[in-house]
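Just below is one structure, and these are the notes that go with it.
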Number of protein chains: 4
Amino acid sequence: VSAAGALPERMVETTVRVRYAETDAMGVVHHASYIVWMELGRTEALRASGLPYTAIEARGFFVVLSHLDVRYLASARYDDLVVVRAGLEAVRSRQVVFRYELRLAERGTVLVEARSEHIVVDRATGRPARLPEDLLGALRGGGAHG
Amino acid sequence: VSAAGALPERMVETTVRVRYAETDAMGVVHHASYIVWMELGRTEALRASGLPYTAIEARGFFVVLSHLDVRYLASARYDDLVVVRAGLEAVRSRQVVFRYELRLAERGTVLVEARSEHIVVDRATGRPARLPEDLLGALRGGGAHG
Amino acid sequence: VSAAGALPERMVETTVRVRYAETDAMGVVHHASYIVWMELGRTEALRASGLPYTAIEARGFFVVLSHLDVRYLASARYDDLVVVRAGLEAVRSRQVVFRYELRLAERGTVLVEARSEHIVVDRATGRPARLPEDLLGALRGGGAHG
Amino acid sequence: VSAAGALPERMVETTVRVRYAETDAMGVVHHASYIVWMELGRTEALRASGLPYTAIEARGFFVVLSHLDVRYLASARYDDLVVVRAGLEAVRSRQVVFRYELRLAERGTVLVEARSEHIVVDRATGRPARLPEDLLGALRGGGAHG
């Protein structure tokens, strides 16, 4: 891992089935639903890294969204299977960055490309905090720390 | 107030504008959206009673849904104005019951008729609890207690 | 199948992972989220019956919720796995009834017991309609019709 | 209006009361809820411009989100009043751009700053389209066209 905290990207895949409640009157998936699927992708990317998000909260931290950038390229529909690929782009003591790509499972059409920045917050005080070294190391895949 | 906790119904009205996110691919409002509007109706009915829900939580209690019965009679659409009428049907030390009627503001069409039962829970332990007499009295409109 | 349309219940199981977006400030799953999972259960129960809901819509019908009855018994939390059991209780030409039971996958705790009634609607006109015999037969599992 | 379609910004204010369903287990508003409020802000900004979104759809077009950029600066909580300021940044025949600022009504704390790009789509074919001159003119406030 570089000193800047950048990581070689390991994307983790999760598949979701589009729910009727996630569509809107345009007949396609509502744009906010993709944001929720990205969160699901983060959950699975963290679990695959060996540090589930529940373990981060159990240690007294929240990881809070600070910046979201989403490009919408095509639309999914009810009952489609959508593959959510999510991975850590950077892990720093005060900031975590994820990247995402969402595709239709069947045809491979790219639906969304996105990036999100998150800050670490102390669960008790709500103030910005630093992740301890062992959690940072776990997120970075057990390698040498930046 | 009768000993059984039944109340003469005072319905409180709240108006919501249908959001695109609340519709689905049938072109109408998704059925779960009405459930969220009913919750909004409860919030305003409690505020009008003089005991906002935030004050109940501040005193150490959660009021938790235990039973929901909803009849769907007609559908609202994007940008419709919907009038949510909500009122307390019964207030007991361990249980609160609400009634609802949702209508289209313009034509008066009844969309939903519903009833919900809630239990009182201790916020710290998560266990069933009793509302103290002063909160019960406030919910019952300051009159004699059942 | 009896003349009244009642069916021996064949419950179909679907597992959902609780999303952060599905929780609320009480720290548990928001009550409207279970309603959405029930819909997911219906989707999978229909698919297992051999007649996916998309095929019903492709034939020109919507199946629309008319009555919902939900008992909330316990709460799920973020990242829990929830098993949604859904099955057809009755299939009539103008009405379909589902039953549900939602449990925590790990401990088996029952979270929700529910029942929903649905009417059949013509997709073009929005008016109540009858399902044609072949669709009714498919929903009833290919047996003799009621 | 300049040839590039940029507009002097006229921000339109809408106030929303935070619903319990919009919070999450961190005790604050879930990040996807702000996205839905931004959509509500667009609806009111278009209505204030004299061209409600329903009128755009009635003319055969969808205005579809293509890019979303959101900065999260602070968190709202259940029952807070949030002021959503939304305005058109640019109106072009094939693209519409909005800007947003969301604040707590009481203290004025800025919660979110955001920008969204939208493309115009033919409602029947789903293909990119151009808004006709009269709709463009209405969006631009009735002034000379770019």
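The values are calculated or read from the model by the stated rules, or taken from the named source; none is laboratory data. Values in this document were obtained by computation on a predicted structure and should not be read as measured data. Backbone-built Cβ (ideal geometry, glycine too); neighbour counts: all protein chains shown. Remember, those area values only see protein heavy atoms, side chains included, never the ligands or the DNA or RNA. Shrake-Rupley method; radii C 1.70, N 1.55, O 1.52, S 1.80 Å.
Before moving on, here are some points about what is shown:
- Candidates A:Val112, A:Val82, A:Val120: the one that is among the β-branched types (Val, Ile, Thr), under 30 Å from A:Asp24 (Cα atoms) and in contact with a Ser or Thr (Cβ under 9 Å, 6 or more places away or on another chain) is A:Val82.
- Qualifying residue in the range D:87-98 (condition: of a type in the set (Gly, Ala, Ser) and within 9 Å of chain A (Cβ to nearest Cβ)): no
- For the range A:44-84, residues that are on the phi > 0 side of the Ramachandran plot and not acidic (Asp, Glu) total 2.
- Some residue of the range D:66-77 being within 14 Å of chain C (Cβ to nearest Cβ), crowded, with 17+ Cβ neighbours inside 10 Å and closer than 26 Å to A:Glu39 by Cα: yes
- Where a residue in the range B:74-91 is of a type in the set (Phe, Trp, Tyr) and its partner, wherever it lies, is buried (at least 21 other Cβ atoms within 10 Å of the Cβ) and assigned to a loop (DSSP other than H, G, I, E, B), with Cβ under 9 Å and at least six apart: B:Tyr78/A:Asp24; B:Tyr78/A:Ala25; B:Tyr78/B:Val18; B:Tyr78/B:Val28
- Residue list for the range A:92-110, filter: of a type in the set (Lys, Arg) and touching a residue at least 40 places away in the same chain (Cβ under 8 Å): A:Arg92, A:Arg99
- Residues that are over 14 Å from D:Tyr20 (Cα atoms) and touching a residue at least 40 places away in the same chain (Cβ under 8 Å), drawn from the range B:57-67: B:Arg59, B:Gly60, B:Phe61, B:Ser66, B:His67
- Of all residues in the range B:103-113, exactly one satisfies the criterion of being under 17 Å from C:Ala32 (Cα atoms) and either in contact with a helix residue (DSSP H, G or I) (Cβ under 6 Å, 6 or more places away or on another chain) or of a type in the set (Ser, Thr, Tyr) (or both), namely B:Val112.
- C:Ser116 vs. criteria farther than 19 Å from C:Val36 by Cβ and of a type in the set (S, T, N, Q): no
- One residue from B:Asp80, B:Asp24 being surrounded by 17 or more Cβ atoms within 10 Å (Cβ to Cβ), within 14 Å of chain A (Cβ to nearest Cβ) and touching a His at 6+ places or on another chain (Cβ under 7 Å): B:Asp24
- Every residue from the range B:85-142 that is on the phi > 0 side of the Ramachandran plot and either assigned to a strand (DSSP E or B) or open to solvent by less than 40 Å² (accessible area, probe 1.4 Å) (or both): B:Gly108
- Filter result (of a type in the set (A, V, I, L, M, F, W, C), facing chain A (nearest Cβ under 9 Å) and open to solvent by 20 Å² or more (accessible area, probe 1.4 Å)) within the range D:31-61: D:Val36
- Some residue of the range B:116-125 being within 20 Å of D:Val18 (Cα to Cα) and in contact with a Lys or Arg (Cβ under 8 Å, 6 or more places away or on another chain): no
- As for the range D:93-103, it holds at least one residue that is at pLDDT below 95 and not basic (Lys, Arg).
- Residues that are outside any strand (DSSP E or B) and of a type outside the set (S, T, N, Q), drawn from the range B:64-84: B:Leu73, B:Ala74, B:Ala76, B:Arg77, B:Tyr78, B:Asp79, B:Asp80
- Filtered residues of the range C:1-21 (kept if in a loop (DSSP other than H, G, I, E, B), away from chain D (no Cβ under 14 Å), of a type outside the set (Val, Ile, Thr) and crowded, with 17+ Cβ neighbours inside 10 Å): C:Gly5, C:Leu7
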